[in-house]
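> Right, I'll just put the structure down here and ask away after.
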Amino acid sequence: MPAAPATASVAVVGAGQAGLSAAHHLVRRGFVPDGDPAGRSVVVLDANPRPGGAWQHRWESLRMRTVNGIFDLPGMPVPPIDPEEPSRTAVPRYFAGYEEHEHLPVHRPVHVRAVRSLGATTTAPLLVETDRGDWQVRAVVNATGTWDTPVVPDVPGAERFTGEQLHSRDYVDAEHFRGRRVAVVGGGISAVQLLEEVSRVTDTVWYTRREPVFLPGDFVHELDGVDVERRVAADVTAGRTPGSIVSYTGLIWTDYAVAARERGVLDRRPMFTRMGPHGVVEQDGSSTSVDVVLWATGYRADLDHLAPLGLRGPLGGIPMTGTQVTADPRVHLVGYGPSQSTIGANRAGRAAAREVARFLDGAPVPSATRPQGGRARHAQR
């Protein structure tokens, strides 16, 4: 007979920047980590084996001086960090210290398989199914990010390519490619950084779907960042799936982008039309031989486990009001849409904790009553 689920008031799923921020603010509002189920309690579930969120998986050569920056988690400033230290060690060390400082006993590794409603209304309890036992909760703050859902375009002939294909998620270092011609595919920040790095040891070709747009000056968060967040928020409020960050921001002339330009490797080609056994077919019908295709094509939000709740709207996205799913006040998404940045994730964690507390107190919040499972046809694919 299956064991009865453990209980808590709120489950925070994911312990990256957004999840830790949400957990901090929930504790500040009186939610006790792994506390008495009869009172206000919060449980934090994380799929990673160690603290650090997705940062622990970044490639070795990604140094702190080249990352876009991390922001202080609430209540504990980022300590001084050697700019030459790999981000894959520096940021997880900070996150681990934060978990200890905040007394957050994160359960890991715990993989959340599904979140289901235990009733027909959006006030019913939720069942969080995991590979290490289930939890019954009243609300979920989802902070699962994107790392586990890399995007690889469906290109005709890809299955016939006899060379190596890998996503930037699996990149380790440039030496792996030495002596082999590499097609780098993608128009984002990571694509430019990997192109610059790999092109130092071998021949590269750069492909993007659209002409890359580089900003003429520096990206100023107080101006440009606010505008980006406004546009992303408009998309998620309307129920549209938010695009990639670079589609809103454009590319920044970072040190590595300037270096790539000066060495002549920012010579972009339009996306190839198909792949063959030994290369790719260009837009003009000509063929280009390559040994490796490195897909630096980004990620999508990791939300498959929420599919049983039927949260998606007719435009394919999840309509949201702030951090709350508009149709279901039990569910908040942080580190998603306008809060994908680290500073945005901090603010989203605070907002989600506030609204979850209001919901559990019975204060009016935007909600909808609908049959259990909702619009299943819009489940995440």
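> Using only the alpha-carbon atoms of segment 36-138 as identical scatterers, what base-10 log of I(q)/I(0) does the Debye formula give at q = 0.10, 0.16 Å⁻¹?
Summing over Cα pairs of segment 36-138 leads to -0.40, -0.82.
> When the expected Rg is taken as 2.2 N^0.38 Å, what fraction or multiple of it is the alpha-carbon Rg of segment 1-93?
Rg over 2.2 N^0.38 Å, computed on Cα atoms: 1.32.
> Compute the long axis of helix 342-360 from its Cα atoms, compare it with the longest principal axis of the Cα atoms of the chain, and write down the angle in degrees, 0 to 90, nearest 10.
For 342-360 against the chain, the angle is about 20 degrees.
> A further question follows. With Kirkwood's inverse mean 1/r over C-alpha pairs for Rh, give me the Rg to Rh ratio of segment 98-171, two decimals please.
1.15
> In segment 302-351, what is the volume of the convex hull around the alpha carbon atoms, normalised per residue and reported in Å³?
Here the figure is 80 Å³ per residue.
> Select one label from [x] 80, 46, 40; [y] 65, 48, 46; [z] 67, 47, 38: the one whose number is Cα extents along the principal axes in Å as derived from the coordinates shown.
Computed from the coordinates, Cα extents along the principal axes in Å corresponds to [y].
> Between Ser289 and Leu118, what FRET efficiency comes out of the Förster formula 1/(1 + (r/R0)^6) with R0 = 41 Å and r the beta carbon distance, rounded to 0.05?
Rounded to the nearest 0.05, the efficiency is 0.10.
> Could I ask something else about it? Mind pulling the angle between the C-alpha long axis of helix 87-101 and the longest principal axis of the chain? Nearest 10 degrees, somewhere in 0 to 90.
On a 0 to 90 degree scale, this one is about 10.
> While we're looking at this one, here's another question. For the chain, give me the percentage of DSSP beta bridges that are antiparallel, rounded to the nearest 5 percent.
That works out to approximately 40 percent antiparallel.
> Go from 0 up to the bin containing the longest alpha carbon distance in segment 113-269, width 5 Å each, and give me the % of pairs per bin.
Once binned at 5 Å, the Cα pair distances of segment 113-269 give 1, 7, 12, 14, 15, 13, 11, 9, 8, 5, 3, 1, 0.
> Also, I was wondering about something else. Compute the long axis of helix 17-28 from its Cα atoms, compare it with the longest principal axis of the Cα atoms of the chain, and write down the angle in degrees, 0 to 90, nearest 10.
Taking the Cα atoms of the chain, the angle to 17-28 is about 20 degrees.
> So, in Å, what gap is there between the alpha-carbon centers of segment 309-329 and segment 90-131?
20 Å
Coordinate-derived values only; no laboratory data. What you see is a predicted model, and the numbers here were worked out from it, not measured in a lab. Virtual Cβ from ideal backbone geometry, glycine too; neighbours counted across all protein chains shown.
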